[in-house]
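The values are calculated or read from the model by the stated rules, or taken from the named source; none is laboratory data. Being a predicted model, the structure only gives us computed values, none of them experimental. Note that we place each Cβ from the backbone using ideal geometry, even for glycine, and neighbour counts take in every protein chain shown.
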Amino acid sequence: MQDKPSKLTTTLNFEQDGKQVGYVRLPHSVHRSAYGWLPVPVACIRNGGGPTVLLMSGTHGDEYEGQVTLSKLINRLEPDDIQGRVIIFPMANFPAAKAGLRTSPIDDLNLNRVYPGDPDGTPTLMIAHYVESVLLELADYCLDLHSGGSSLHYLPSAVAGSEDDPEKMERLQELMCKFGAPNSFFFPGGHAGGTTQHACKRQNVIGFGTEMGGSGTVSPDCLKICEAGAERFLHAIGVLKHCSVPPAETQTRMLHAPNFDYFTYAPGEGLFEPVAELGDEVVSGDLAGYVHLPETPGSEPDPVHFSAAGLVICKRIPGRVQRGDCLFHLGCDF
């Protein structure tokens, strides 16, 4: 599919110096608009030769810290501030971001599970194909800003998958340290397929993401960490000439989940009562919480226990759960 051209177009010229803002046109023919297109926002700031970085947010539409961070950056960043090229895609899955949903209301797809996409597919597949075959084709680096969305809340963290190449892994850790989130977390192998990280690897782009808060809100503390981290990252890769924020006050804690024992799931349907909280240090066998069944009067709640030891880095937000819902996940020192 990657050798087929994208059907998405843009009036921006990514090879032109200066600052351009506009839209990527996603063809969308529906009853009310036979030859219509969806306007996916995009910006390009370029100044001569240098690295190219793709900054993304809105991969999941209910994750807001990144969208606010990149909206501010589009307004503030000028060509004289940089050496190279910055491409900003602040509402990557535009239908989902417009609706405030994790997945697109048009095709119910999760953009971060469908790379490399399909130029002849539904809107989310077409966006994924455009990002990988056009935007990442231009890029040397990528930063994909996420948060916990409506269902989760995270301790502010930079996140990535492990690299097999030791030099790339060292560079990735170096940049995560420069970003300066309190935590840096590596997901276990096989955590999820079809992600931006997989697309970056195929395109030989060094990239990582974030998990900044969540709960379907914008947290001032997480937003501050996200904005400062993005600026440090741009400076560290040599695109931003001057960094206006100081280094992070504390060194990032490198964490990982060696396997899926570090993820705790609901054993059944009911109401989840958490016992552990974000930032707790737990050991295997510790009580995580209970799942109650109020629709069955007199029934005892099901206890839920942790299967590993580590830091509680992520917690579920909605109280209503079904079997298979992630309640917590942990990280241990890397």
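One table, with the values for the structure above:
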item	result
Cross-chain or 6+ apart pairs with Cβ under 8 Å, the range 221-240 first and of a type in the set (Lys, Arg), then part of a helix (DSSP H, G or I)	Arg232/Lys178; Arg232/Phe179
Some residue of the range 8-15 being part of a strand (DSSP E or B) and within 30 Å of Ser151 (Cβ to Cβ)	no
Per-region count, the range 274-290, residues in contact (Cβ under 8 Å) with a residue 40 or more places away in the chain and under 20 Å from Val321 (Cα atoms)	4
When residues of the range 209-260 are limited to those that are crowded, with 16+ Cβ neighbours inside 10 Å and among the acidic types (Asp, Glu), the one nearest to the chain's Cα centre (by Cα)	Glu211
Filter result for Ser150 (surrounded by fewer than 20 Cβ atoms within 10 Å (Cβ to Cβ), more than 13 Å from Met254 (Cβ to Cβ) and either not aliphatic (A, V, I, L, M) or not assigned by TED's automatic domain parsing to the domain that holds Val245 (or both))	yes
Only listed residue being among the charged types (D, E, K, R) and modelled with pLDDT of 95 or more, chosen from Arg46, Arg32	Arg46
Checklist (1) of a type in the set (Val, Ile, Thr); (2) assigned to a strand (DSSP E or B); (3) closer than 21 Å to Val245 by Cα applied to Val68, failing item	(2)
Flag if Arg102 is in contact with a helix residue (DSSP H, G or I) (Cβ under 9 Å, 6 or more places away or on another chain), under 22 Å from Thr11 (Cβ atoms) and among the basic types (Lys, Arg)	no
Any hit, the range 25-34, residues being closer than 18 Å to Phe89 by Cα and under 22 Å from the mean Cα position of the chain (by Cα)	yes
Cβ-Cβ under 8 Å pairs, at least 6 apart or on other chains, the range 70-81 side under 16 Å from His235 (Cβ atoms) and assigned by TED's automatic domain parsing to the domain that holds Glu227, far side small (Gly, Ala, Ser) and surrounded by 18 or more Cβ atoms within 10 Å (Cβ to Cβ)	Leu73/Ala230
Within the range 17-31, tally of residues that are surrounded by 11 or more Cβ atoms within 10 Å (Cβ to Cβ) and assigned to a loop (DSSP other than H, G, I, E, B)	2
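Residue-wise test of (1) farther than 28 Å from Phe263 by Cβ; (2) under 12 Å from the mean Cα position of the chain (by Cα); (3) free of Cβ contacts under 8 Å to residues at least 24 places away in the same chain.
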site	(1), (2), (3)
Arg85	yes, no, no
Ile88	yes, no, no
Ser133	yes, no, no
Cys142	no, yes, no
Gly148	no, yes, no
Ser162	no, no, no
